[in-house]
Each structure stands twice: as structure tokens, then as C-alpha cells.
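Below is one structure, written out as C-alpha cells; comments come after it.
What follows draws every value from the coordinates through simple rules; no lab data is involved. Since the structure is predicted, the reported quantities are computational estimates derived from the model, not experimental observations. Glycine also receives a Cβ, built like all others from the backbone with ideal geometry; neighbour counts cover every protein chain displayed.
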Amino acid sequence: MPAWLPEYHSSTAKSEATLPSTLISDGTYVNNHDEVYDFYTLINASNVARVFVDEFGNFKEAMWVGRWVEFFSFPKDICDDYGRCGVYGYCDSDSNAGTDFECTCLPGYEPRSIDEWYLRNASSGCIKKREALSMCGNGEGFVKVANSKIPDTSKARVWISLSMHECKEECLRNCSCLAYVSEAEEGRTNANCFTWHENLMDVRKYFVRRFPNGGLDLYVRVDAVELAQHMESRRLKGKMVAVVVTFVVLTTSVLIIALICLLVKKNQRRGKDILESGDENVELPIFDMLTIAGATNNFSETNKIGEGGFGSVYKGRLPIGKDIAVKRLSRDSKQGRYDKNDLFQVKLTFYGDVNIGMASARL
């Protein structure tokens, strides 16, 4: 299948599907037991168009509008070049930011020539890391390469209507199977299964911005050592994520608790400063509920010294030694302010040189 049509891999269960239209043509994709191909027809039959491969190997489409105007050209980026990273290589053009080499090796493989890769020449591809270690009934397994353009399918084998598990087992039982892809479709239990038994060529990463439907997950056969290393790496990454999340949660919790304590202490200090001050113009304090309840022995009847139309009055003593009279407003009282954020309001009368006024007790 042409590399510029990755998003149509998932349509293989259908014998024919309509491809998105270009500015000048409509496309049709055909996939059945006998053949796989796509073709385009001009929307306006009076137009003259041509499709060709230029001297540099670029696939192009152009239309005559008094002169030839190019409507399509492929490849688009460096990883579009066939076999850019050689056999068993993996191309990621996002890493090519001027400093990073776009080529790496598939799991279980390493560069055939380190010197060539150092010079950014991956044409010789990659080789198995541990040639002497068998991958046939020797604890081998598969490592996933997510969101990939699958290898060259010219030598791939296709199994119709296999589940994901059956596809894996089919490849695992055949010692010559190097990789597999299960082409699952939405709402389908079974799907087409692709297996590769020769060199894996032309694997690359797909990008959502260019291919909205994304690529497929390629499962590469690796030896027991590589599989164990990969599982350990995943375990460590999982632990690292857990540690980071725990650290963030704990840090946030400590900051919130510290902020609450700071606000409580600030209010307590503000009340203490006002009580110790002789300034008549200082705004009266806000005491927390625990302070008022503690000062009045939890509004004990023994501390009750009177009762009026607006509520009961209790005597009490603050931790700083100040004697106070507390008026607890009844819910039916029209005096003072009462809202859902206050448990109730109290009227504090401070004995000594401190003014009489209102203060609110909060939860």
C-alpha cells in the first residue's frame, strides 16, 4: 500500500472505500482477497492532469492551467524516503531538530556500523544485539512500537479475521516470524493480522498532524534478555511516575495546610494585638470558633450571665487572660449579620480599656 495512504489501513475489511477528494480528483481504495490498490479520477473530465515520478524519485501530481501547476508531491519530510534508516531501523523526523539523528534501531537491535551512524549514515541499518541468543522457545516475546508506519508489506503475510491474541500466538509459534501487526477495526473482535518473516524495512513514526487516523502498533520479536530489560524499564518508569505524583500531592497538601495555619495564626494574632492595644479606632477582631467556645466553657449554662431579646450573654476568659462577655445571637435576632458562612455572630464586651463592639466567630 502506498506510504502516503496510511489512514486507510483500517479499511481492509471492506472491498472498496471512498478516499477523500483532492482539489482536482476523487479517490477510491480497493482491498479484497485478490488485490489492494487505489485509483483517482478527475472531478472535471475536461481538465488535463498528469502523475509522474521526477528524476529525484519524487511522486508528483500536476494539472495544466495554461502552465503545469503542482498539486501534490511526495515525500514530504526526511522519513518519507524509503528505507531512510535501513533494515531494522526506525525513523522519527520529530527528533531531527538539527542536533538529533532521526534514526534509531527497533527494540532488540543496534547499529551495524557505529562509525556510519556517527556520521548520520544509517544505510547499513541495524543488526540483532545478541546474535547467539535464540528467539525460538527461549523465553522470547514482543515489544510494542506504538503509532508506526508498518514495515514494507511486499513480503508480509496476511491472516484474515484473527483476534489480537490469535495474531500474537500465530507469530510466536513460528520461529521465523520477526514482527506482527493486528489491524483492529472499531467494533470488531477479529481483524486482519500481518506478520513479517524477513527484514523489517521502512518503519517510521506517524504524526497526527499529517495522518489524523494515526499509525498502527507494531510488535517486534525480541530475545528474553531484551524483553526483561524492557519490562524493567517500564516498571521503573511507572515507579518514577508514582513518585512524582506522590511528591506533587504531598507538596500541595503541605502548602495548603501551611496556608490555613498561617491564616488562623494571623487572625489569632490580630485579635491579641487589638486586645493588648488601647487604640479606640482599631477594627475589632475576628476570633475562631474554638477560641470563643473555649473562653465560655462551650457556652456553658454556668457561664450564662443574662439573656435578652437578641440572645444570651455568657462570661468568659481568653487565653491571653482577658475577661470577656459574649452575646450569642439567636437565629431570630435582627441584630448584626448572619449568613451561611458564619456559625453565628457574637457580641464581645471586653473588660478594661478595650472598646465594646461586634466580632464574628467562624468555623
Report task. Grab the Cα-Cα distance for ALA224 and ILE114, subtract it from 0.36 nm times how many residues apart they are, and report the gain in nm with one decimal. Result -> 37.2 nm
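Extension gain VAL36-ILE78, at 0.36 nm per residue separation less the Cα-Cα distance, in nm?
Values: separation 42, 0.36 × 42 = 15.12 nm, distance 2.64 nm.
Gain on stretching VAL36 to ILE78: 12.5 nm.
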Query raised in the report: Along the charge dipole of segment 73-176, which of TYR82, ALA156, SER93 sits closest to the positive end, that is, farthest toward it, with unit charges on the beta carbon of Lys, Arg, Asp and Glu (+1, +1, -1, -1)?
Result: ALA156
Report summary line: Between ASP38 and residues 5 or more places away or on another chain, the pairs with built amide H atoms under 5 Å apart involve VAL30
Query raised in the report: Counting other C-beta atoms within 10 Å, which of ARG112, ARG204, ARG317 has the fewest, and how do the rest follow?
Result: ARG317, ARG112, ARG204
Report task. Any chance you could check the Cα centroid distance between segment 106-124 and segment 298-328 for me, in angstrom? Result -> 85
Query - Simple label model, 7 Å out from Cα along Cβ direction - LYS155 to GLU70, nm - result: 3.3
Report summary line: To the nearest 0.05, the calculated FRET efficiency linking LYS129 and HIS197 through their beta-carbon distance, R0 being 22 Å, is 0.65
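Provide the net charge surrounding VAL51, with neighbours chosen by a C-beta distance below 10 Å and charges set as Lys +1, Arg +1, Asp -1, Glu -1.
+1
In what sequence do ARG67, ARG157 fall when counting other Cβ within 10 Å, fewest first?
ARG67, ARG157
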Query raised in the report: If each Cα of segment 83-222 is one equal point scatterer, what is log10 of I(q)/I(0) from the Debye formula at q = 0.17, 0.18, 0.22 Å⁻¹?
Result: -0.95, -1.05, -1.38
Query raised in the report: So if R0 is 45 Å, what FRET efficiency would LYS239 and SER46 give, r being the distance between their Cβ atoms, rounded to the nearest 0.05?
Result: 0.10
Report task. Give the order of LEU262, LEU200 when sorted by the count of other beta carbons within 10 angstrom, beginning with the fewest. Result -> LEU262, LEU200
